[in-house]
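Enquirer: Just passing along the structure, written as structure tokens.
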4 protein chains.
Amino acid sequence: MLVVMKNVASAEEIEAVVGVIQEMGYDARPIPGGQRTAVGIIGNDGGIDAGRLQGLEGVLEVIPVTHPYKQVSREWQEEDTVVSLANGTSFGGSDIAVIAGPCAVESEPAILDIAHQLKEMGATVLRGGAFKPRTSPYSFQGLGLEGLKFLAKAREQTGLAIVAEALDPEGADLVAEYADIVQIGARNMQNYPLLRRAGRTGKPVLLKRGMSATIEEFLLAAEYVLAEGNPNVILCERGVRSFDTHTRNVLDLAAIPVVQSLSHLPMIADPSHGTGIRSMVTAMGRAAVAAGADGLIVEVHGDPPRALSDGAQSLYPDQFASLMVEIKVIAKAIARDVTAPLS
Amino acid sequence: MLVVMKNVASAEEIEAVVGVIQEMGYDARPIPGGQRTAVGIIGNDGGIDAGRLQGLEGVLEVIPVTHPYKQVSREWQEEDTVVSLANGTSFGGSDIAVIAGPCAVESEPAILDIAHQLKEMGATVLRGGAFKPRTSPYSFQGLGLEGLKFLAKAREQTGLAIVAEALDPEGADLVAEYADIVQIGARNMQNYPLLRRAGRTGKPVLLKRGMSATIEEFLLAAEYVLAEGNPNVILCERGVRSFDTHTRNVLDLAAIPVVQSLSHLPMIADPSHGTGIRSMVTAMGRAAVAAGADGLIVEVHGDPPRALSDGAQSLYPDQFASLMVEIKVIAKAIARDVTAPLS
Amino acid sequence: MLVVMKNVASAEEIEAVVGVIQEMGYDARPIPGGQRTAVGIIGNDGGIDAGRLQGLEGVLEVIPVTHPYKQVSREWQEEDTVVSLANGTSFGGSDIAVIAGPCAVESEPAILDIAHQLKEMGATVLRGGAFKPRTSPYSFQGLGLEGLKFLAKAREQTGLAIVAEALDPEGADLVAEYADIVQIGARNMQNYPLLRRAGRTGKPVLLKRGMSATIEEFLLAAEYVLAEGNPNVILCERGVRSFDTHTRNVLDLAAIPVVQSLSHLPMIADPSHGTGIRSMVTAMGRAAVAAGADGLIVEVHGDPPRALSDGAQSLYPDQFASLMVEIKVIAKAIARDVTAPLS
Amino acid sequence: MLVVMKNVASAEEIEAVVGVIQEMGYDARPIPGGQRTAVGIIGNDGGIDAGRLQGLEGVLEVIPVTHPYKQVSREWQEEDTVVSLANGTSFGGSDIAVIAGPCAVESEPAILDIAHQLKEMGATVLRGGAFKPRTSPYSFQGLGLEGLKFLAKAREQTGLAIVAEALDPEGADLVAEYADIVQIGARNMQNYPLLRRAGRTGKPVLLKRGMSATIEEFLLAAEYVLAEGNPNVILCERGVRSFDTHTRNVLDLAAIPVVQSLSHLPMIADPSHGTGIRSMVTAMGRAAVAAGADGLIVEVHGDPPRALSDGAQSLYPDQFASLMVEIKVIAKAIARDVTAPLS
């Protein structure tokens, strides 16, 4: 961390800064420059609270030089983390894994039907919400435990791994009991009790980037899971809030190579929430793979106009089948492959 | 809701839209125009899921005309909601109420000391975090239950009402047991299980606007609390995420008159988180009152450079005293007053 | 356009709205609904100023249903516009055209050298700034006319078409005299006198999206060029401003399919400005092609660390060569091809 | 400037960075730390191009420590700049100056009429657009030279100073011939040829913050004017782009104290464009004064529903009169005053 002093800062003000740094348990090294002095902090581990220094007299700004996250960082672990599931699907290796399914589990026949179709088309993980976070309290909130049981039945019949979202600490335990992956949604990216509990379940955690989370905040949220001793985090870019209303969000695909350079964790993309519009999903799914995503999570529904939630952004099954064909070609362009279909 | 058709939409496509609307249980009214047809939906209560229509063939866009929130709306209740506390403080009447205190409760002597000072200066509600949501898992996370007990002791000694944040459902019950107001922080604005539980405690809920929440999402979050039968919600603007790094957030003061025109709930402002910088807090606190805020929540610390969190944005006690003097004059300019100090 | 009335709007207020609409020369059609009345405006061409209605008594909001742009719209012209250059390169057909070159023309030998290399690697258009818009008045501002002459010489030697940016109306004439395409940069997207003059030169115009331009504003800026009788506009997504600082901008690739659905104009992407970081450029260039871009514009410099501007985002020549190889494979995945190299 | 190296950077990579810095003409000072080395650049004047360093091998990030602007900075000139007009109005002293008038000059009688009313109510500067930058090429574009003449006549009759916007370099000369202040609008904040020409007119320049300009970019735009030898720049916050659609922009009032701490130039606010909605203008005008603005610029129209542009955000004259009364009280709260009315 670097404390930059105003050019008019007095020697006393500089000394006071040095004093506070030492009181915090670190070494301080004043660096006189042409226009102003800066004070470097030596020996810190990235967890310093800048606030304590920012408000001191004579301080112009405090610049973090080290990053506050640790275990998620490539500086902590250089080789890629590969998250492996029981059915052989891996996230973070050379293969690109595809998760697909409806926004919400709506009924047993519907989820079983779409699961069989998706398996045929090459998805290896099934998504489906049992507990749905809805912006309005009056919208459909999911089937709950029953939904998890339908998902488990779909896994039994197809071999697909399953992922479902948890909304609160107890829900995390319940989801972990049934699903292969516990999902933390964008709205809950900074729900720390939920992150901790999901971490403690020991199951892989699929963590979506918050609506307006910086990449540093995103990695720090993952750090909460790793700090519980659970290394299996799959990160997911799902679009950030922006000013244009033509798409629901702006899918920030550059976050994929950025995160991959900063962290060893796998990073996938969600072109469905990232655009919110069916006709854009295929284009952005292809683009995510071309940008280097380690996987996709795509909403597919057997009958989108009748979907109970997110119908507008759900692909028809045949659109999903085309996407699978296209991304296989694109994966080759960057010397990767799409996970082989389950037999 | 208005479904706008493409100018090339066929009669069949328009009929299909009408059919889906009727299947959803509403009346559909096609409105032919110069360039294109639109289809109005009659008889809905604002809770329609646009997704089901957005993806239909021939649809250009779906425009919500009614709003999805109800009980929080001025169309539901015209007169202002006034949230009243046991010590006589009200939010939403003609008086402007001031909440002040440290970011976190750090020790019993520290919280008692600042509480006595703040009472002298005219604050009538004491803030202090017992459970702290921290971006890094390695930062100070609050004293927990002990912190709540220290706050309660401060109330006993001074008569100040107290507000503390809850991070998860069980925490909401605990906070409600000790505090006069349960706070839901910006990170948890869309943590629906938490909102429901906070609503069920029956205690007034201070709900902060999420980092990038639209005003509609903000009001819908409040709707979750009202939907539990709890009408006592105090809304709080605390800054939204933006692109400039000179301030921590952009304090969106226009949200105050906007919310007051859409909703009957009281709306206060947090100039401390809204700027993140001590030297801006006073200016923005004054501006919030001038913009019509029903109250302020301000971080004040007895010794900001030694604060365990948010030191950079905490006022010194004498700065807070000056702010109180200034806002009294400003309140007069708009025919309001600041809540009288406790005796 | 739809004028939505408050649910408490009186019959007189509704009549007043109807009166103003008629005074503006249009038909008004009140549409009574369950909760409120809306008033539709019939017979307008999309150019109505909402302001005149928005402030009337009883009006809740004014919702544009038609779009204010015309000639750029697919509803005006259904088939794709193809912008063709003298050397055979086309933008907007089935081939993907690649523009490459340094940020600024720095010297005659440097631009000639890189031009020959880029031609070998398959680019067919050469970029190079002669007039540079720099955030600081103290940065290198370009070689001016001399730079244009060096570009023309590079065209003479290699057959590459050339594109250069204009900063003001006279500059547009000068650039049009030498270059095949006149570029309007992001900072000038709403510089209307410049757009008009560029339009009047008759040369194709490469129009970059403004830093925070909505897609509607972007298309309206293009409309300024078409309104001068110049149909040859190439649109370019180059990243929009956002809150994270890891990349210079957020490259909004979904804008590609969105614009292509709304407009017949070709749309290319600039992964160099879109990321600002060399190591992200290749990934985002690939992603743009996968998303359906009609071309790329990429900064390549013979010796990036010595570049006088934008060195950090300029590719080394061999990195550009790899990108060309990869996008050829990706183009195949969507049944397109990259423009054949010049012989 | 500080070049932060990756923790795995080799000694050779660090040396290469030092070499490039020296080649650029500065001193380099490596600062070894606990986790990584940083290299400080000594002797630069803030105008360094970070790009040249950012892309070097082993570099993690380049952090600017000095700011690239100079003459606008408080470090260059500590005392406030006061911009004084012939009629006695000053911007930047202890008095708060108020500019008011219609968005566009529409006719001679209309501008004369409103000018007389505004003078009575206490405004001392009249605004009115003669050249209007309109998002659509089909909207009213202003009366041009004739509009300037009407403004000059209004000045003659009332004594009000006048301000009008220039859109291109020749327009700047024309506006300067007639008006007391040349305005550069938000869309043109980075139109550098226009900024230079406006600077060379010698007239005071009112510079509006761009739609998504950082404060650093805003100050650098002002630097273009000062670099032409013109010290009389009035900065203006007019709202920045954000994600909510309830207001046209987010008025970033914290930018007022931020700019005032970084620069000696006067800073005013435009609550009309900052909100876009008449009913919010008064609240935000008051808030701007409370936040410390050195003045206001407010749209007032004699008959807003009939305005040719921006009618929705224009105050009625009596609303403006109330605002003037309120801000006089608020000014007192911070020991300032509103400029005395012209006699």
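Enquirer: Which residue out of A:297, A:277, A:268 is more than 7 Å from every other protein chain (Cβ to nearest Cβ) and over 12 Å from the mean Cα position of the chain (by Cα)?
Expert: A:277
Enquirer: Just to confirm my filter: which strands (runs of 3 or more DSSP E) fall fully inside region D:27-137 and include at least 3 residues that are farther than 30 Å from residue C:137 by Cα?
Expert: Per the criteria, D:95-101.
Enquirer: Name the pairs: first residue in region B:25-40 and closer than 16 Å to residue C:67 by Cβ and among the polar types (S, T, N, Q), second residue part of a loop (DSSP other than H, G, I, E, B) and at pLDDT 80 or above, Cβ to Cβ under 6 Å, at least 6 apart or on different chains?
Expert: B:35/B:7
Enquirer: Among the residues of region D:1-27 satisfying the criterion of being of a type in the set (A, V, I, L, M) and away from chain A (no Cβ under 12 Å), which is farthest from residue D:50 (Cα to Cα)?
Expert: D:11
Enquirer: A further question on this structure: Taking the stated definitions as given, is residue D:222 out of contact with any Lys or Arg (no Cβ under 8 Å at 6 or more places or on another chain) and either surrounded by fewer than 23 Cβ atoms within 10 Å (Cβ to Cβ) or within 29 Å of residue D:70 (Cα to Cα) (or both)?
Expert: Yes.
Enquirer: Only one of these is at pLDDT 85 or above and touching a helix residue (DSSP H, G or I) at 6+ places or on another chain (Cβ under 9 Å): B:22, B:71, B:54. Name it.
Expert: Matching residue, one of B:22, B:71, B:54: B:71.
Enquirer: Mind checking whether some residue in region A:283-298 is at pLDDT 95 or above, out of contact with any strand residue (DSSP E or B) (no Cβ under 8 Å at 6 or more places or on another chain), crowded, with 20+ Cβ neighbours inside 10 Å and of a type in the set (D, E, K, R)?
Expert: yes
Enquirer: Can you tell me how many residues in region B:144-167 are free of Cβ contacts under 8 Å to residues at least 60 places away in the same chain and in contact with a Ser or Thr (Cβ under 8 Å, 6 or more places away or on another chain)?
Expert: Total satisfying the criteria: 1.
Enquirer: Go through (1) out of contact with any Lys or Arg (no Cβ under 8 Å at 6 or more places or on another chain); (2) under 30 Å from residue A:298 (Cβ atoms); (3) within 14 Å of chain B (Cβ to nearest Cβ) for residue A:113 and report which single condition fails.
Expert: (3)
Enquirer: Based on what the data block shows, is residue D:95 assigned by TED's automatic domain parsing to the domain that holds residue D:159, over 29 Å from residue A:25 (Cα atoms) and of a type in the set (Asp, Glu)?
Expert: For residue D:95, the condition - assigned by TED's automatic domain parsing to the domain that holds residue D:159, over 29 Å from residue A:25 (Cα atoms) and of a type in the set (Asp, Glu) - is met.
Enquirer: When you scan region D:195-213, how many residues do you find that are facing chain C (nearest Cβ under 10 Å) and in contact with a helix residue (DSSP H, G or I) (Cβ under 9 Å, 6 or more places away or on another chain)?
Expert: Number satisfying all stated conditions: 7.
Enquirer: If you don't mind, another one. Please enumerate the residues belonging to region D:131-176 that are among the acidic types (Asp, Glu) and surrounded by 18 or more Cβ atoms within 10 Å (Cβ to Cβ).
Expert: D:165, D:168
Enquirer: State all residues of region A:149-175 that are small (Gly, Ala, Ser) and farther than 13 Å from residue A:131 by Cα; if no residue qualifies, say none.
Expert: Hits for region A:149-175 are A:152, A:154, A:159, A:161.
Enquirer: Among what's in region B:244-287 and is in contact (Cβ under 8 Å) with a residue 40 or more places away in the chain and among the small types (Gly, Ala, Ser), pick the residue that is farthest from residue D:277 (Cα to Cα).
Expert: Ranking the qualifying residues of region B:244-287, first place goes to B:272.
Enquirer: Sticking with this structure for a sec: Among the residues of region B:84-96, count how many are crowded, with 23+ Cβ neighbours inside 10 Å and out of contact with any Asp or Glu (no Cβ under 7 Å at 6 or more places or on another chain).
Expert: Total satisfying the criteria: 1.
Enquirer: Further question on the same structure: Evaluate region D:326-337: report whether one residue or more is in a loop (DSSP other than H, G, I, E, B), among the charged types (D, E, K, R) and surrounded by fewer than 24 Cβ atoms within 10 Å (Cβ to Cβ).
Expert: yes
Enquirer: Look at region C:62-83 and say how many of its residues are under 19 Å from the mean Cα position of the chain (by Cα) and under 25 Å from residue C:36 (Cβ atoms).
Expert: Residues flagged as under 19 Å from the mean Cα position of the chain (by Cα) and under 25 Å from residue C:36 (Cβ atoms) within region C:62-83 amount to 1.
Enquirer: Mind listing whichever residues of region C:55-66 are facing another protein chain (nearest Cβ under 7 Å) and either buried (at least 20 other Cβ atoms within 10 Å of the Cβ) or in contact with a Pro (Cβ under 7 Å, 6 or more places away or on another chain) (or both)?
Expert: C:55, C:56, C:65, C:66
Enquirer: Here are D:309, D:314, D:322: which of them is more than 23 Å from the chain's Cα centre (by Cα) and either surrounded by 24 or more Cβ atoms within 10 Å (Cβ to Cβ) or touching a residue at least 24 places away in the same chain (Cβ under 8 Å) (or both)?
Expert: D:322 is the lone residue from the list that is more than 23 Å from the chain's Cα centre (by Cα) and either surrounded by 24 or more Cβ atoms within 10 Å (Cβ to Cβ) or touching a residue at least 24 places away in the same chain (Cβ under 8 Å) (or both).
Enquirer: Report yes if residue B:229 is out of contact with any Pro (no Cβ under 6 Å at 6 or more places or on another chain) and at the interface with chain A (Cβ under 9 Å from one of its Cβ atoms), otherwise no.
Expert: No.
Enquirer: On to the next question. Looking at region B:40-52, can you tell me whether even one residue there is over 24 Å from residue D:246 (Cα atoms) and within 11 Å of chain A (Cβ to nearest Cβ)?
Expert: For region B:40-52, residues over 24 Å from residue D:246 (Cα atoms) and within 11 Å of chain A (Cβ to nearest Cβ): present.
Enquirer: Going by what's in this entry, would residue D:199 be described as at pLDDT 95 or above, closer than 22 Å to residue C:170 by Cα and assigned by TED's automatic domain parsing to the domain that holds residue D:99?
Expert: For residue D:199, the condition - at pLDDT 95 or above, closer than 22 Å to residue C:170 by Cα and assigned by TED's automatic domain parsing to the domain that holds residue D:99 - is met.
Enquirer: Is it the case that residue B:70 is of a type in the set (D, E, K, R), away from every other protein chain (no Cβ under 14 Å) and surrounded by 20 or more Cβ atoms within 10 Å (Cβ to Cβ)?
Expert: no
Enquirer: Consider residue D:309 carefully, then state whether it is in a helix (DSSP H, G or I) and of a type in the set (S, T, N, Q).
Expert: So residue D:309 does not fit the description; no.
Enquirer: Could you list, in sequence order, all residues of region B:163-186 that are at the interface with chain A (Cβ under 10 Å from one of its Cβ atoms) and touching a Lys or Arg at 6+ places or on another chain (Cβ under 6 Å)?
Expert: Scanning region B:163-186 gives B:169, B:185, B:186.
Enquirer: Let me ask something else about it. Only residues that are over 17 Å from residue D:121 (Cα atoms) and either touching an Asp or Glu at 6+ places or on another chain (Cβ under 9 Å) or among the basic types (Lys, Arg) (or both): list them for region D:319-340, please.
Expert: D:332, D:333, D:334, D:336
Enquirer: So which residues in region B:312-337 are within 12 Å of chain D (Cβ to nearest Cβ) and either over 19 Å from residue B:301 (Cα atoms) or of a type in the set (Asp, Glu) (or both)?
Expert: Of everything in region B:312-337, those that are within 12 Å of chain D (Cβ to nearest Cβ) and either over 19 Å from residue B:301 (Cα atoms) or of a type in the set (Asp, Glu) (or both) turn out to be B:326, B:327, B:328, B:329, B:330, B:331, B:332, B:333, B:334, B:335, B:336.
Enquirer: I would also like to ask the following. So residue D:241 fits all but one of (1) away from chain B (no Cβ under 14 Å); (2) without any contact (Cβ under 8 Å) to a residue 60 or more places away in the chain; what number is the exception?
Expert: (1)
The values are calculated or read from the model by the stated rules, or taken from the named source; none is laboratory data. Here the structure is a predicted model, which is why all the values come from computation and not from measurement. All Cβ positions, even for glycine, are placed from backbone atoms using ideal geometry, and neighbour counts span all protein chains on display.
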